[in-house]
Amino acid sequence: MFESGSHLQSLEAIADGLADVASIDAVCWTLACQELPALTANLKSIGYTEAAPGLPLITSTRFSRDEALKMTETIQSVLSDSSTAECRNRLRINGFSRASVEDYDPIMKMESEAVKLGYPDLA
């Protein structure tokens, strides 16, 4: 097992025969298929994990709750503005929502299942 350093490098390693399988998130896979069809033409998806929230947006604790809320409102505004529609469509961004820690429970469940199956260290 080796770490390639990026999703793109993982896809290239599979295409070049240096790796047999890689874990690529659905957004990156879709973007690669869309933007790099020559690379993905000889690759295929063999399975999916259950749905889980995407990566969170993080800010510093030096911002007040009101400032953090204002940032959230600004992000929501940008991601719903018609002037950003083409870019959002190309990047497959279809919204933004506030998530709680509990919303990430599916990821913890996947980790727990991996440990039970003998994969305690996930890269």
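The values are calculated or read from the model by the stated rules, or taken from the named source; none is laboratory data. Owing to the predicted nature of the structure, the values given are computational and were not obtained by experimental measurement. Please note: Cβ atoms are built from the backbone with ideal geometry, for glycine as well, and neighbour counts cover all protein chains shown.
Here are a few things to note about the model shown:
- The residues in segment 42-67 that are closer than 24 Å to residue 11 by Cα, loosely packed, with under 10 Cβ neighbours inside 10 Å and small (Gly, Ala, Ser) can be counted, and the count is 2.
- Subset of segment 92-123 that is touching a helix residue (DSSP H, G or I) at 6+ places or on another chain (Cβ under 7 Å) and surrounded by 10 or more Cβ atoms within 10 Å (Cβ to Cβ) - its residue that is nearest to residue 33 (Cα to Cα): 92
- Residues that are surrounded by 15 or more Cβ atoms within 10 Å (Cβ to Cβ) and not aliphatic (A, V, I, L, M) within segment 10-29 comprise 10, 12, 28, 29, listed in sequence order.
- Wholly within segment 1-113, helices (runs of 4 or more DSSP H) carrying at least 2 residues that are at pLDDT below 90: 26-35, 85-91
- Looking across segment 68-85 at every residue that is over 22 Å from the mean Cα position of the chain (by Cα) and over 24 Å from residue 104 (Cα atoms), the one that is surrounded by the most Cβ atoms within 10 Å (Cβ to Cβ) is identified as 81.
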